[in-house]
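Trainee: Let me begin by handing over the structure; questions about it come next.
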Amino acid sequence: MGKKLYTKQNVSINKTENLGIPELVVLEENSDDINFEVIHRRYFEDEKPLCPACRSAKTRCSKIVVRKFKDLLWTDNEHKKFKIINLFFHQRYMRCDECKKSVFPEPIDFGEKGCKFTNRLSDILADGTFQFSYKKVCQHYGVPSSTASIGEVMRRRIQYRESMLQPLKTPNIISIVELVFFGEFYPVILGVVDDEIYCLDILRDSSEQTCGSFLKTLDGKQVKTIYIDPVDSLFNVVNQYFPMASIVVTDEAIRRYARNAMLAIIHSDGKRFPVVHKDRRLTVLQKDLNDKMVIQRIKEGMKSRPRLQRAYNHYQRLLELMETKWSVDDLRTWVDQIPTDIDEFLTVGDIVDVFGEQLNCFLALDEKPPNNYQFAVQGICDAIKDMPHCIFDVMRGRCIFSVTHDTVEENGELRRYGIKSSRLIDKINEISDNIRKEREYGY
């Protein structure tokens, strides 16, 4: 694309101003109200793109590829009126005469590689997807909702929102909980400050590399205690970054793993069980139900489900044990008495065998977790587990970047505690309702 093809007389000044993308100019020919033929401004300048291989400026146009982008123009900002337009960008591919090895596209800032939307439209779609389904948002704006594009759309916006967050204030107590979302495990990093539980982040996986990348952003000297899920990779990485901290497995972890095992048995053996909200009512202490009718229905339902009955009785014994001044030996006794046909509870046995030392360290703590810790962890895990299916970036974006973070001023600088657990749970449930009920998208 040289001067033989276009001159400045081919440029539409009005359409270029209406488009409002600084690096692009609109060509008058073949352009109308919704189709814009565009080229880069540097086309009319002496500046040549540098070769990415040798950084030489001895580059020339080798070929032209027309890339089509969807873009959005606001026609009335006050009333949120817009129109979707097509950008046909004539992108030059440059050849380097210095190293004679490199052919590369001229760099652009208005769109990401491989994305069919301009950054302007991409950011608008991502902002909507923090609250509603991606499909619903795309339908609202009249653009295709390709699953291939959502990852790039969300990652770009998440990077921006992440850059706007204040630095973390390292808490004295952190907790790493591994939640389950559609069969995948994701570590949730929590901070315990006084009697409040804050969510600091959700990580992509439990690998030592991923966890280490986050943990090294914390002040290791400030972390005194770490509540950790019984996962080898998590234990290894916290031991590496916080060798002086007390690393413990809490009673909450034992309760949660046992509850998950009980839920698996309920779902396999408790079909058509005659109790409403059976998942909740069969996983709490029976004495806390305070409803004789429900207790009677549980007993009736168990009569025809002997395996579920044995699991329920044994699970109740664990809950009763955890209400007392228990020891690791007490847990071992409970594990030894697991009925032979209930393998689901053996996970708890593995925890006691492998992490007995960390359980003893928990029992020796002077300061135990606050009373609301168990409910905060369970609430977060349940809320995220019940979210409609989405890729990790969307899930993390909705949880971390659509909720207000609590902050504190320290030495004249704002630092953040994270997201208060109660606010996070409410927000996740609200977003899930937006998606399930297909509420009308809008601001």
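The values are calculated or read from the model by the stated rules, or taken from the named source; none is laboratory data. Since the structure is predicted, the reported quantities are computational estimates derived from the model, not experimental observations. Cβ coordinates were reconstructed from backbone atoms using ideal geometry, including for glycine residues, and neighbour counts include every protein chain displayed.
Trainee: Please enumerate the residues belonging to region 221-261 that are of a type in the set (Ser, Thr, Tyr) and either free of Cβ contacts under 8 Å to residues at least 24 places away in the same chain or part of a loop (DSSP other than H, G, I, E, B) (or both).
Mentor: The one that is of a type in the set (Ser, Thr, Tyr) and either free of Cβ contacts under 8 Å to residues at least 24 places away in the same chain or part of a loop (DSSP other than H, G, I, E, B) (or both): THR250.
Trainee: Another one. Scan region 262-279 and report the pairs whose first residue is more than 19 Å from GLN296 (Cβ to Cβ) and without any contact (Cβ under 8 Å) to a residue 24 or more places away in the chain and whose second residue is among the hydrophobic types (A, V, I, L, M, F, W, C) and surrounded by fewer than 15 Cβ atoms within 10 Å (Cβ to Cβ), with Cβ atoms within less than 8 Å and a gap of 6+ or a chain change.
Mentor: Nothing qualifies.
Trainee: Would you be able to say whether some residue in region 296-306 is outside the structural domain of ASP195 (by TED's automatic domain parsing), under 30 Å from ASP426 (Cα atoms), more than 31 Å from the chain's Cα centre (by Cα) and not hydrophobic (A, V, I, L, M, F, W, C)?
Mentor: No, that holds for no residue.
Trainee: Does any residue in region 102-127 that is farther than 23 Å from SER402 by Cα and outside the structural domain of SER146 (by TED's automatic domain parsing) come within less than 8 Å, Cβ to Cβ, of a residue that is modelled with pLDDT under 90 and not in a strand (DSSP E or B) six or more places away or on a different chain, and which pairs are these?
Mentor: none
Trainee: If you take the residues of region 10-44 that are surrounded by fewer than 18 Cβ atoms within 10 Å (Cβ to Cβ) and among the β-branched types (Val, Ile, Thr), which of them is farthest from PRO107 (Cα to Cα)?
Mentor: ILE34
Trainee: Where residues in region 365-406 are touching a helix residue (DSSP H, G or I) at 6+ places or on another chain (Cβ under 6 Å) and small (Gly, Ala, Ser), which of them is farthest from TYR227 (Cα to Cα)?
Mentor: If we take residues in region 365-406 being touching a helix residue (DSSP H, G or I) at 6+ places or on another chain (Cβ under 6 Å) and small (Gly, Ala, Ser), then GLY397 is farthest from TYR227 (Cα to Cα).
Trainee: What about TYR241, is it assigned by TED's automatic domain parsing to the domain that holds ASN411 and either surrounded by fewer than 20 Cβ atoms within 10 Å (Cβ to Cβ) or farther than 16 Å from GLU367 by Cα (or both)? Talk me through it step by step, then tell me what you get.
Mentor: On the way: assigned by TED's automatic domain parsing to the domain that holds ASN411: yes; either surrounded by fewer than 20 Cβ atoms within 10 Å (Cβ to Cβ) or farther than 16 Å from GLU367 by Cα (or both): yes.
It is true that TYR241 is assigned by TED's automatic domain parsing to the domain that holds ASN411 and either surrounded by fewer than 20 Cβ atoms within 10 Å (Cβ to Cβ) or farther than 16 Å from GLU367 by Cα (or both).
Trainee: Identify, please: which residue in region 139-172 is assigned to a loop (DSSP other than H, G, I, E, B) and of a type in the set (A, V, I, L, M, F, W, C) and is, among those, surrounded by the fewest Cβ atoms within 10 Å (Cβ to Cβ)?
Mentor: So the residue we want is MET164.
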